Amino acid sequence: MRVEKNLRTVVRLFYWLFTIFVLATASFIWWYIFRPLPQVAGAVALPSLQKEATVDRDSWGVPHIHADSLDDLVEAQGYVMAQDRLWQMDLLRRLARGQLSEILGPKTLSIDKQYRTLGFSRAAERDIALLDAESRKLMDAYCRGVNKFIEQHQMNLPVEFSLLNYKPQPWQVSDSLVFTGYMYRTLPPFWESKVSRARVTARAGPDRAKELFSEDASMDHFVVGDPNVADDGSEHSRADTGDEDDDDDMPSDAVLKADLHPAPTIQNPEPFTGLTSALWPSLQTWIEDSRREIRHGLGSNNWVVSGAHTATGKPLLANDTHLELTIPPIWYEIHLTAPGWDVAGVTFPGAPMVVIGHNDRIAWGFTNNGADVQDLYVETFNPAVPDEYRVKGAWTKAQIIDETIHVKGQPDEHLKVAITRHGPIVQREGDNAYALRWTATEPGGLANSYNWLGKARNWKEFREIMKRVWGPAQNAVYADVDGNIGYIMAARVPIRKKGHGEVPVPGDTDDYEWTGYIPFDQLPQAFNPESGLIVTANARVVGPNYKPYLTDRWEEPYRTARIYDLLHDKRDLRPEDMLKVQTDTYSFPHLFLAEQLSSAVKTAQPNDARAQKLIERAKDWNGIAEADSPLVSFLEATRHIALVLLLEPYLGKDTSLYEWRSTSFLQRILTERPAKWLPAAYKTYDELLCAAADRAVKRLAERSKSERIEDWPWKRFDSLEMLHPIGRQGLLKRLLSITNQPQSGTMFSPRAATQTDGPAMRFVANPANWDDSILLIPAGQSGQFGSSHYTDQFSYWYEGKPIAAPFSDSAETKVRRHTLILKPAS
């Protein structure tokens with residue numbers, strides 16, 4: 001009896017302990033995960049509003065904000081975006097300002113030093129004074145909304161603040177401006193490529209460098225300046241607007257000292273000393289991945305077709321921006337309505353208004369153009385007086401800025417930034433140093449971007465707003481309800497006195513100075529081209545007949561070519577057809593390589609039987625890059641190795657220095673087969689290809705740790721990793737991130753499939769019926785893990801399914817789930 005009684009006691013004790021554990025766990029989860037979730041129904045006080053504003057949220061958590069004035073509308077937007085994305089907003093502003101060490105400690109000092117030298121924070125503070133009165137008023141309103149949310153939720157902030165043990169500072173106007181600087185840094189061009197180009201040229205020689213750095217590619221489709229197209233719309237565009245006095249009003253050489261710093265190697269972290277330090281490897285990986293993807297960005301797709309190609313007789317516009325895929329996503333969906341303002345689309349966390357989208361009259365979308373708006377100057381410093389540098393034969397004092405970096409748990413760190421007449425020193429080599437001049441940090445560079453486009457009602461007004469844009473340089477496509485389509489590349493692109501700034505130039509002379517910017521009317525523009533089709537995907541958009549210099553570094557032409565092939569002869573296109581193009585997984589260069597290998601084995605043979613077998617499979621391949629295909633893995637590895645074999649005789653082991661249109665170069669060499677490029681180790685290009693195939697299968701075996709072809713499916717090397725900044729390891733990775741998702745397509749497919757980069761949104765605008773438009777993001781609207789909208793859009797994005805984007809009041813009423821009233825002071 002006593003044993004039985006003791007056993008019952010133990011069982012009861014275990015039961016109570018288990019109950020306490022479950023209750024404690026549930027309480028913990030509720031306190032940190034669900035308690036911070038925002039209020040989406042009822043009423044909330046927002047005292048500085050002039051009148052009530054309402055926030056209707058649909059079944060995807062997308063807010064539609066109604067207000068009686070633009071000021072109230074933007075203030076409400078700030079509040080709502082903070083509800084969903086406050087920690088993401090705070091992290092990105094800290095990254096761009098160089099303030100990560102304040103919350104993460106010394107492990108992030110190297111990153112902070114890079115961004116402090118960039119000078120985005122200094123430029124943003126300066127550009128506040130350059131905002132026009134209306135923009136400043138709206139920026140202030142946005143800040144009021146964000147700060148009211150922060151004030152009301154000091155005790156129930158998103159879980160990331162609890163994990164990292166800090167609270168956000170009030171939002172400032174400069175925080176929104178500094179995000180523009182972050183986007184400049186995220187999108188090409190990059191000054192580091194100029195250094196790499198100079199080194200490749202020095203090693204390979206000028207003749208070979210001319211071929212390596214050629215801007216020509218056989219598969220390019222030009223938007224303007226094509227000598228084979230009689231009417232590309234560019235002359236119509238200029239004549240239609242009648243703006244003959246479009247020269248820029250701003251001083252031609254008003255240049256602030258630009259700010260940047262080399263991307264230092266992040267040191268391995270020391271032993272962890274707390275939760276903040278323990279989370280550092282995840283944040284470190286996020287920042288390093290971001291920086292690596294910055295160097296090899298995929299770009300984006302956009303296109304517009306006229307009514308001649310569609311089922312409705314009205315245009316269709318499509319856009320999918322390819323950026324790093326993170327949770328939460330970089331884009332935020334929103335619909336904003338006030339008198340004279342009815343705009344829906346996406347914006348960035350921390351950015352007011354709408355960046356890409358449509359109103360009731362027009363639609364627009366962007367891809368990165370890559371115009372060269374940076375120059376590197378080689379400055380010579382005085383060995384005897386380190387702060388002096390040479391200008392036209394005389395020593396001149398550099399400006400020295402002392403940047404104070406607060407470091408969690410340690411004394412402040414001081415960084416001295418040297419600024420010459422051209423800009424900051426971003427890299428030193430002995431007594432010589434590189435100074436960067438960049439339009440991003442010139443006066444107005446952060447204050448004039450794309451947020452006002454929703455105000456335009458037609459092509460003329462769209463152009464007028466685009467005139468104000470400094471950058472980042474984007475290819476903008478346009479469509480309207482009247483049936484017009486158009487294209488503009490708007491940005492401040494420098495005119496150089498000498499050369500084009502492709503490589504670092506002497507800084508002690510005036511020979512390479514900027515003399516102004518390309519006038520707006522001379523930037524690439526097209527309006528209603530005869531073809532009824534405009535496609536851009538970061539490849540070359542200007543042909544030989546376009547004369548002003550934008551850049552000679554374009555992305556590969558393969559996505560543009562595939563999109564053009566899928567659309568140019570169609571006459572019954574619908575929004576769903578646009579989505580199918582966006583998710584297409586055909587890969588031109590891999591099919592080309594498959595054909596080359598199939599031909600090569602007629603005269604040469606790989607030594608490895610596995611390579612022979614895969615080449616045999618390549619003969620019947622259709623170019624669709626399936627996730628389960630080992631052939632795609634083989635072709636991708638062969639592509640890399642074939643390029644290395646061509647470059648090694650000149651670059652040695654530093655073949656990664658060459659980051660140009662490398663696949664187009666490889667395609668040109670394998671097509672023309674010039675004797676001068678064939679390495680001495682091979683008698684023919686067929687032998688080179690077979691050697692590359694042999695090395696490719698060995699590489700795949702090493703990476704997969706398997707000798708079997710069946711263990712090399714493409715998904716093993718290119719599965720999707722959509723990660724939260726602190727969810728990259730262990731339990732947090734399983735909870736906060738989406739990982740190991742097989743995906744079809746390559747970086748050359750319209751689908752743009754890589755492990756960490758890809759379509760950060762998909763947008764199709766239908767001016768014939770705005771309610772029939774499509775808009776979705778990769779994960780969900782909310783950045784809070786406990787929200788039902790944290791990843792609810794993922795399956796649609798992943799499977800290429802549409803999410804309708806209702807616009808009219810009647811359509812939105814059908815999908816409304818919650819209504820929140822924002823009340824002014826009584």
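The values are calculated or read from the model by the stated rules, or taken from the named source; none is laboratory data. Everything quoted here is computed from the prediction, not taken from an experiment. Positions of Cβ are backbone-derived with ideal geometry, glycine not excepted, and every protein chain shown enters the neighbour counts. With ligands, DNA and RNA removed, areas are computed over all heavy atoms of the protein, side chains included. Shrake-Rupley method; radii C 1.70, N 1.55, O 1.52, S 1.80 Å.
From the list 361, 390, which residue is more than 24 Å from the chain's Cα centre (by Cα) and more than 30 Å from residue 482 (Cα to Cα)?
390
Inspect the range 639-650 for any residue being assigned to a loop (DSSP other than H, G, I, E, B), open to solvent by less than 20 Å² (accessible area, probe 1.4 Å) and either modelled with pLDDT of 95 or more or among the small types (Gly, Ala, Ser) (or both) and give the result as yes or no.
No: the range 639-650 contains no residue that is assigned to a loop (DSSP other than H, G, I, E, B), open to solvent by less than 20 Å² (accessible area, probe 1.4 Å) and either modelled with pLDDT of 95 or more or among the small types (Gly, Ala, Ser) (or both).
Considering only residues that are assigned to a strand (DSSP E or B) and open to solvent by 80 Å² or more (accessible area, probe 1.4 Å), look in the range 391-422 and name the one that is nearest to residue 508 (Cα to Cα).
Restricting to residues being assigned to a strand (DSSP E or B) and open to solvent by 80 Å² or more (accessible area, probe 1.4 Å), the top hit is 395.
Please indicate, with yes or no, whether at least one residue in the range 790-797 is surrounded by fewer than 20 Cβ atoms within 10 Å (Cβ to Cβ) and in contact with a helix residue (DSSP H, G or I) (Cβ under 9 Å, 6 or more places away or on another chain).
No, there is no match, as no residue in the range 790-797 is surrounded by fewer than 20 Cβ atoms within 10 Å (Cβ to Cβ) and in contact with a helix residue (DSSP H, G or I) (Cβ under 9 Å, 6 or more places away or on another chain).
Hey, among 513, 442, 502, 464, which residue is out of contact with any Cys (no Cβ under 8 Å at 6 or more places or on another chain), within 30 Å of residue 228 (Cβ to Cβ) and not β-branched (Val, Ile, Thr)?
The conditions single out 502.
Taking residue 802, is it more than 13 Å from residue 345 (Cα to Cα), buried (at least 16 other Cβ atoms within 10 Å of the Cβ) and not hydrophobic (A, V, I, L, M, F, W, C)?
yes
Using the structure shown, decide if residue 426 is buried (at least 19 other Cβ atoms within 10 Å of the Cβ), among the β-branched types (Val, Ile, Thr), touching a Leu at 6+ places or on another chain (Cβ under 8 Å) and within 22 Å of residue 513 (Cβ to Cβ).
Answer is yes for this residue.
Quick one: count up the residues across the range 533-571 that are over 21 Å from the mean Cα position of the chain (by Cα), of a type in the set (Gly, Ala, Ser) and buried (at least 19 other Cβ atoms within 10 Å of the Cβ).
Total satisfying the criteria: 1.
Every residue in the range 96-110 that is β-branched (Val, Ile, Thr) and buried (at least 24 other Cβ atoms within 10 Å of the Cβ), please.
108 - this is the single residue of the range 96-110 that is β-branched (Val, Ile, Thr) and buried (at least 24 other Cβ atoms within 10 Å of the Cβ).
Just checking, does the range 809-818 include any residue being farther than 30 Å from residue 753 by Cβ, open to solvent by 40 Å² or more (accessible area, probe 1.4 Å) and among the acidic types (Asp, Glu)?
The answer is yes; a qualifying residue exists.
Give me the pairs: first residue in the range 543-569 and touching a residue at least 40 places away in the same chain (Cβ under 8 Å), second residue open to solvent by 60 Å² or more (accessible area, probe 1.4 Å) and outside any loop (DSSP other than H, G, I, E, B), beta-carbon distance under 7 Å, and six or more apart or on different chains, which are they?
Filtered contacts from the range 543-569: 548/522.
Exactly one condition in (1) surrounded by 23 or more Cβ atoms within 10 Å (Cβ to Cβ); (2) under 20 Å from the mean Cα position of the chain (by Cα); (3) aliphatic (A, V, I, L, M) is not met by residue 765; state its number.
(2)
What are the residue pairs meeting all of these: first residue in the range 608-620, first residue of a type in the set (Asp, Glu), second residue outside any loop (DSSP other than H, G, I, E, B) and surrounded by 12 or more Cβ atoms within 10 Å (Cβ to Cβ), Cβ atoms under 8 Å, and 6 or more apart or on different chains?
Qualifying pairs under 8 Å: 608/693; 608/694; 608/697; 608/698.
List the pairs whose first member sits in the range 679-705 and is hydroxyl-bearing (Ser, Thr, Tyr), whose second member is open to solvent by 10 Å² or more (accessible area, probe 1.4 Å), and whose Cβ atoms are under 7 Å apart, counting only residues at least 6 apart or on separate chains?
Pairs found: 682/691; 684/603; 684/604; 685/673; 685/678; 704/711; 704/716.
For the range 429-459, give me the residue count where each residue is among the acidic types (Asp, Glu) and either open to solvent by less than 10 Å² (accessible area, probe 1.4 Å) or in contact with a helix residue (DSSP H, G or I) (Cβ under 7 Å, 6 or more places away or on another chain) (or both).
1
For residue 385, work out the one condition from (1) in a loop (DSSP other than H, G, I, E, B); (2) touching a residue at least 40 places away in the same chain (Cβ under 8 Å) it doesn't fulfil.
If we test residue 385 against (1) in a loop (DSSP other than H, G, I, E, B); (2) touching a residue at least 40 places away in the same chain (Cβ under 8 Å), just (2) comes out false.
If residue 184 satisfies every condition in (1) on the phi > 0 side of the Ramachandran plot; (2) touching a Pro at 6+ places or on another chain (Cβ under 6 Å) but one, which is the exception?
Evaluating residue 184 over (1) on the phi > 0 side of the Ramachandran plot; (2) touching a Pro at 6+ places or on another chain (Cβ under 6 Å) leaves (1) as the failure.
Here is a yes/no grid of residues against (1) open to solvent by 20 Å² or more (accessible area, probe 1.4 Å); (2) modelled with pLDDT under 95; (3) aromatic (Phe, Trp, Tyr):
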| site | (1), (2), (3) |
| --- | --- |
| 151 | yes, no, no |
| 164 | no, yes, no |
| 168 | no, no, no |
| 192 | yes, yes, no |
| 201 | yes, no, no |
| 211 | yes, no, no |
| 221 | yes, no, no |
| 226 | yes, no, no |
